[in-house]
1. Please find, among Asp59, Asp76, Asp70, the residue that is crowded, with 16+ Cβ neighbours inside 10 Å and either under 21 Å from the mean Cα position of the chain (by Cα) or in contact (Cβ under 8 Å) with a residue 12 or more places away in the chain (or both).
2. For the condition touching a residue at least 40 places away in the same chain (Cβ under 8 Å), more than 25 Å from Gly318 (Cβ to Cβ) and not small (Gly, Ala, Ser), what is the one hit in Arg292, Arg258, Arg244, Arg223?
3. Would you check if there is a residue in the range 144-154 being over 18 Å from Leu94 (Cβ atoms), among the charged types (D, E, K, R) and touching a Ser or Thr at 6+ places or on another chain (Cβ under 9 Å)?
4. Taking the range 87-109 only, how many residues are over 18 Å from Ala188 (Cβ atoms) and assigned to a loop (DSSP other than H, G, I, E, B)?
5. Condition (residue is outside the structural domain of Pro306 (by TED's automatic domain parsing), touching a residue at least 24 places away in the same chain (Cβ under 8 Å), surrounded by 15 or more Cβ atoms within 10 Å (Cβ to Cβ) and among the polar types (S, T, N, Q)) applied to the range 197-206: is it met by at least one residue?
6. Out of all the residues in the range 10-55, which are under 15 Å from Asp85 (Cα atoms) and without any contact (Cβ under 8 Å) to a residue 40 or more places away in the chain?
7. Is there a residue in the range 238-253 that is assigned to a helix (DSSP H, G or I) and either touching a Phe, Trp or Tyr at 6+ places or on another chain (Cβ under 9 Å) or among the β-branched types (Val, Ile, Thr) (or both)?
8. Report yes if some residue within the range 114-129 is in contact (Cβ under 8 Å) with a residue 12 or more places away in the chain, within 19 Å of the chain's Cα centre (by Cα) and on the phi > 0 side of the Ramachandran plot; otherwise report no.
Amino acid sequence: MTRLALLATGGTIATRAGAAGRAVAVDAAGLLAAAAIPDGVEVTTTDVAGRLSFAAGLDDLAALARTVRDAAAGHDGVVLTHGTDTLEETAALLALTHDRATPVTITGAQRPFDDPAPDGPGNLTAALRWAAHGRPGVTVTFAGQVLPAVGVRKVHTAALTAFAAPGRGPLAEVDDAGVREHAVAPDASLGDPPAELPRVDVVAQYVGADAHALDAAVAAGARGVVIAAFGAGNATPAVVDSARALLARGVPVAVASRTGAGPVEGLYAGGGAELARAGALFAGDLSPWQTRLLLAVALATAPDDPLGAARAWAARVGVTAS
């Protein structure tokens, strides 16, 4: 008998319509009752939280990572139901802090539980099948596809095929006929879940952006910053100057693209090339939001050299970072 843990955290998959809007109203047992449990599988349910994921904080994510670690120690696999708004960030944190020995997969829904045609039960059924399949690593199971946690991102606000991992997935497909595998999730762990995650802020680039947001983030307590850069890794001259000064002070700066797919590189004079010369981490094809979690975990686990730890991680996982 394969033993799986189902951890419910809320999200659209567990919501019903209400006078004030959709709200979480279905617990883990209710979600499981609407899904199909694979033969030979026993599922234990735990309600970890009952929130919409946009209301979660870094402390909540760190606590969830520890809960997943504990559940994995006593089960053959873990399935986590989660809101789609921040699912990619939780996926990144779990990949960074899970030892990969036990399968962990995250799922959710685009339609509420009480929709006439909800997608949640099917997504949960597929996630249970994938977790029972036994492949190690942290993944996202959504709309019949299994995607790697590293590089996954939400790409549509309403479509049922809401997630993709550009250039990285899917790893497998799951349906009534079974599981068809294409690749294996990378071992992306940087260590055990930290007791707390340091603040890392994301500062977006746009035409005419000055350095005020970047400087204010550090002044407000951010121990690292991610620049959501133009294109392949560029920033305005004012932001480049501020980033150079922060790096010289020992504040880690990472660069990720605001574009939605593709890698960042230090290519252009006065932009990305200058950031690279200053020592910024170029986070390959990771989104700014996943790069933020990478930098936070690196700061927590390797405070003396977080950028070095992040670069070593990227080389091991296959993220083209510099």
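The values are calculated or read from the model by the stated rules, or taken from the named source; none is laboratory data. Small disclaimer: the values here were computed from a predicted structure and weren't measured. Don't worry about glycine lacking a Cβ; one is built from the backbone with ideal geometry, like all the others, and counts go over all protein chains shown.
1. Details: Asp59 fails: crowded, with 16+ Cβ neighbours inside 10 Å; Asp70 fails: crowded, with 16+ Cβ neighbours inside 10 Å.
Only one candidate passes the filter, namely Asp76.
2. Numbers: Arg292 fails: more than 25 Å from Gly318 (Cβ to Cβ); Arg258 fails: more than 25 Å from Gly318 (Cβ to Cβ); Arg244 fails: touching a residue at least 40 places away in the same chain (Cβ under 8 Å).
Unique residue meeting the criteria: Arg223.
3. no
4. Within the range 87-109, the subset over 18 Å from Ala188 (Cβ atoms) is 107-109.
Checking which are assigned to a loop (DSSP other than H, G, I, E, B) leaves us with 108-109.
Of the residues in that region, 2 qualify.
5. Taking every residue of the range 197-206 in turn, none turns out to be outside the structural domain of Pro306 (by TED's automatic domain parsing), touching a residue at least 24 places away in the same chain (Cβ under 8 Å), surrounded by 15 or more Cβ atoms within 10 Å (Cβ to Cβ) and among the polar types (S, T, N, Q).
6. Here is the first cut: in the range 10-55, the ones under 15 Å from Asp85 (Cα atoms) are 10-15, 22-24, 50-55.
Listed by number, the residues that qualify are Ala23, Val24, Phe54, Ala55.
7. First, the residues of the range 238-253 that are assigned to a helix (DSSP H, G or I): 238-248.
Among the residues that remain, those that are also either touching a Phe, Trp or Tyr at 6+ places or on another chain (Cβ under 9 Å) or among the β-branched types (Val, Ile, Thr) (or both) are: 239-240.
Yes - at least one qualifying residue is present in the range 238-253.
8. No, the range 114-129 contains no residue that is in contact (Cβ under 8 Å) with a residue 12 or more places away in the chain, within 19 Å of the chain's Cα centre (by Cα) and on the phi > 0 side of the Ramachandran plot.
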